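Q: Can you read through this structure? Questions will come right after.
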2 protein chains.
Amino acid sequence: MIKLYYSPGSCALASHIALEEAGADYEAVRIDFGSDEQKKPDFLAINPKGRVPALVSDKGILTETPAILVFISQTYSASSLAPVNDPWALAQAQAFNSYLCATVHVAHAHGGRGHRWANQETSFEDMRQKVPQTVGDCFTLIENDYVKGPWVLGDTYSICDMYLYTVSRWLERDRVDISRFPKVKAQFEAIEKRPTVARVLENHFAD
Amino acid sequence: MIKLYYSPGSCALASHIALEEAGADYEAVRIDFGSDEQKKPDFLAINPKGRVPALVSDKGILTETPAILVFISQTYSASSLAPVNDPWALAQAQAFNSYLCATVHVAHAHGGRGHRWANQETSFEDMRQKVPQTVGDCFTLIENDYVKGPWVLGDTYSICDMYLYTVSRWLERDRVDISRFPKVKAQFEAIEKRPTVARVLENHFAD
């Protein structure tokens, strides 16, 4: 059985939704960031990066959201979570996921994790101040150039929607009003209406 | 014919090598970052992010290195640039590429592009100071947990090697001594001995 290591509300939520949508036999294992469990030897043995998500299968350990999402899509291909049989369409989905991972998530992370890239409290504050602008710029691009509507890739719900929803959940903390982005907002509301997603959220955020 | 838009020495080098290794019919189009060509309307029409690489085919435009590398591998599958027929093995390759894209490239970028995430010159300097540590930590993890040797994935040369080589080329600028990482250093020297790579470098850096 697959195990997914996650922290509530982290980017691991996207993989959590994907496993549920795939109908996979999996267990979600919560890692307590409050007590720095991700930096302790037991978890570092699973993921030496000390981050979530980490997916453990009988084949080994897999990290990084874009990799996990495509792996789930290919493994449970009957669930049609991504256009896995069309290299160009898959590449477009991957480009979107890569943008979320390397640009949008990184912009967001400067709000609370400036210590990753600098040492001074004044720098952290400077970074925090800029987050509404950088994340807002990212979502302007997502709204104008990526989301075809109603879903990211158009008529077909996909891993891109699971990942975008996960990142859009951070907008309020990032002091960016989702109403500025009508297609993103409609996508956010539509995905929350899915029973599968509601089921994941209940489990994901359970005490 | 495929067009690859690139800037010399940028992460677009990985895609440039992949196209050459694939035996693709392509043209490499140089974008002059010195004159901010990437921010001008002609290029923004191709990639609204104002970044390279951007790959243009008869199907449209594709951005983001991890997406481009897998697309090339799937399209020219006879060249065996990635384990495209084994979802788990492909996922491991993707996890590595995703780490390079979202963590290593980002750590490096704080050396010269701090303005992306902050506003004050003091913050930029603070970020610059930390680059040897953050990039050094990334490469320690790459050396210990990723590179199987002689290539990233073991005996088989792949897109992961093209991407790692591209990022390893930045180590000197990042004030990190590649000699600290024997497997990375051996991989770096091995890839430069490939005639295909030598051919790309000559074209990529030509005046």
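Just so you know, all these numbers are worked out from the coordinates, no wet-lab data involved. Nothing here was measured: the structure is a model prediction, and the numbers come from that model. Virtual Cβ from ideal backbone geometry, glycine too; neighbours counted across all protein chains shown.
Q: Taking every DSSP beta bridge that has both residues in chain B, what percent is antiparallel when rounded to the nearest 5?
A: So the antiparallel bridges in chain B amount to around 60 percent.
Q: Once the label point is set 7 Å along the Cα-to-beta-carbon vector, what list of distances in nm do you get between B:Gly60 and its counterparts in the other copies?
A: Going from nearest to farthest copy, the values are 3.4 nm.
Q: Let me ask something else about it. Step through the table entries A:Lys49/B:Lys185; A:Lys3/A:Lys39; A:Lys39/A:Lys193, compare each Cα-Cα distance with 24 Å, and write down the pairs that go over it.
A: A:Lys39/A:Lys193
Q: Sticking with this structure for a sec: Dividing the alpha-carbon radius of gyration of the protein assembly as shown by 2.2 N^0.38 Å (N being the number of residues), what value is obtained?
A: Scaled against compact globular proteins, the figure is 0.93.
Q: What is the gain in length, in nm to one decimal, between A:Asp25 and A:Glu125 on full extension, counting 0.36 nm per residue of separation less the C-alpha to C-alpha distance?
A: Fully extending the segment from A:Asp25 to A:Glu125 adds 31.7 nm.
Q: Now for a separate question. Mind checking which of A:Ile17, A:Val176, A:Leu164 is farthest towards the positive end of chain A's charge dipole, using Cβ charges of +1 (Lys, Arg) and -1 (Asp, Glu) about the Cα centre?
A: In chain A, that residue is A:Val176.
Q: Sticking with this one: Report the extension gain between A:Asp145 and A:Ala45 in nm, rounded to one decimal, defined as 0.36 nm multiplied by the number of residues separating them, less their alpha carbon distance.
A: 32.0 nm
Q: Mind giving me the FRET efficiency for A:Thr196 and A:Lys3? R0 is 22 Å, r the Cβ-Cβ distance, nearest 0.05 is fine.
A: Working from the Cβ atoms, E equals 0.70.
Q: Could you list the GluC sites (Glu not before Pro) in the stretch B:110-185 that lie in coil according to DSSP, counting only those with at most 11 other Cβ atoms within 10 Å of their Cβ?
A: For GluC sites (Glu not before Pro) across the stretch B:110-185 that sit outside H, G, I, E and B with at most 11 neighbouring Cβ atoms in 10 Å, the list reads B:Glu172.
Q: Which order results if A:Ile191, A:Ile159 are arranged by neighbouring Cβ count within 10 Å, fewest first?
A: The order, fewest Cβ neighbours first, is A:Ile191, A:Ile159.
Q: While we're here: Just to confirm the numbers: A:Glu27, label point 7 angstrom along the Cα-Cβ line, distances to the other copies in nm, shortest first?
A: Once sorted, the set of distances for A:Glu27 reads 5.8 nm.
Q: Next question, about the same structure. Using only C-alpha atoms and all pairs of different ones, pull out the Kirkwood radius for the stretch B:3-117 in Å with one decimal.
A: Over the stretch B:3-117, the inverse of the mean reciprocal pair distance is 15.0 Å.
Q: Can I ask one more? Would you list B:Trp117, A:Trp88 from fewest to most Cβ contacts within 10 Å?
A: By the 10 Å Cβ count, ascending, the order reads A:Trp88, B:Trp117.
Q: Then there's this: I'd like the per residue volume of the convex hull spanned by the Cα atoms of chain A, given in cubic angstrom.
A: Measuring per residue, one finds 126 Å³ for the Cα hull of chain A.
Q: Let me ask something additional. How large is ³J(HN,Hα) for each residue in the stretch B:46-53, as worked out from phi by the Karplus curve 6.51 cos²θ - 1.76 cosθ + 1.60 (θ = phi - 60°), to whole Hz, x for Gly and Pro?
A: Ordered by residue, 3J(HN,Hα) equals 7, 9, x, 6, x, 10, 10, x Hz.
Q: Let me ask something additional. Full extension from A:Asp86 to A:Glu37: what is 0.36 nm times the residue separation minus their Cα-Cα distance, to one decimal in nm?
A: That pair, A:Asp86 and A:Glu37, stretches by 13.7 nm at full extension.
Q: For chain B, what is the charge dipole size about the Cα centre, in debye to the nearest 20, if Lys and Arg each add +1 at the Cβ and Asp and Glu each add -1 at the Cβ?
A: 240 debye
Q: Sort B:Cys101, A:Cys11 by Cβ crowding within 10 Å, fewest neighbours at the top.
A: Going from sparsest to densest Cβ surroundings: A:Cys11, B:Cys101.
Q: So, one more: Per residue of the stretch A:189-203, what does 6.51 cos²θ - 1.76 cosθ + 1.60 with θ = phi - 60° give for ³J(HN,Hα)? Whole Hz please, x for Gly and Pro, Karplus curve as stated.
A: Running phi through 6.51 cos²θ - 1.76 cosθ + 1.60 with θ = phi - 60° gives 6, 5, 5, 5, 7, 6, x, 4, 5, 4, 5, 4, 4, 4, 6 Hz.
Q: Per DSSP helix of 4 or more residues, -39500 (n - 2.57); summed, then divided by the residues of chain B. What does that give at 222 nm, rounded to the nearest 500?
A: -14000 deg cm²/dmol
Q: Grab every C-alpha pair in the stretch A:87-194, bin the distances at 5 angstrom width from 0 up to the longest one, and report whole percents.
A: Using 5 Å bins, I get a P(r) of 2, 12, 24, 22, 17, 11, 7, 4, 1, 0 for the stretch A:87-194.
Q: Continuing with the same structure: To one decimal in nm, how far is A:Lys185 from the same spot in the other copies, if labels go 7 Å from Cα toward Cβ? Please give the shortest first.
A: The answer, with the shortest distance listed first, is 5.7 nm.
Q: Can you tell me what share of the DSSP beta bridges in the protein assembly as shown is antiparallel? A percent to the nearest 5 is fine.
A: In the protein assembly as shown, approximately 60 percent of DSSP beta bridges are antiparallel ones.
Q: Farthest toward the dipole's positive end in the protein assembly as shown, which of B:Pro48, B:Val131, A:Thr196, given Cβ charges of +1 (Lys, Arg) and -1 (Asp, Glu) about the Cα centre?
A: Positive-most Cα among the choices belongs to B:Val131.
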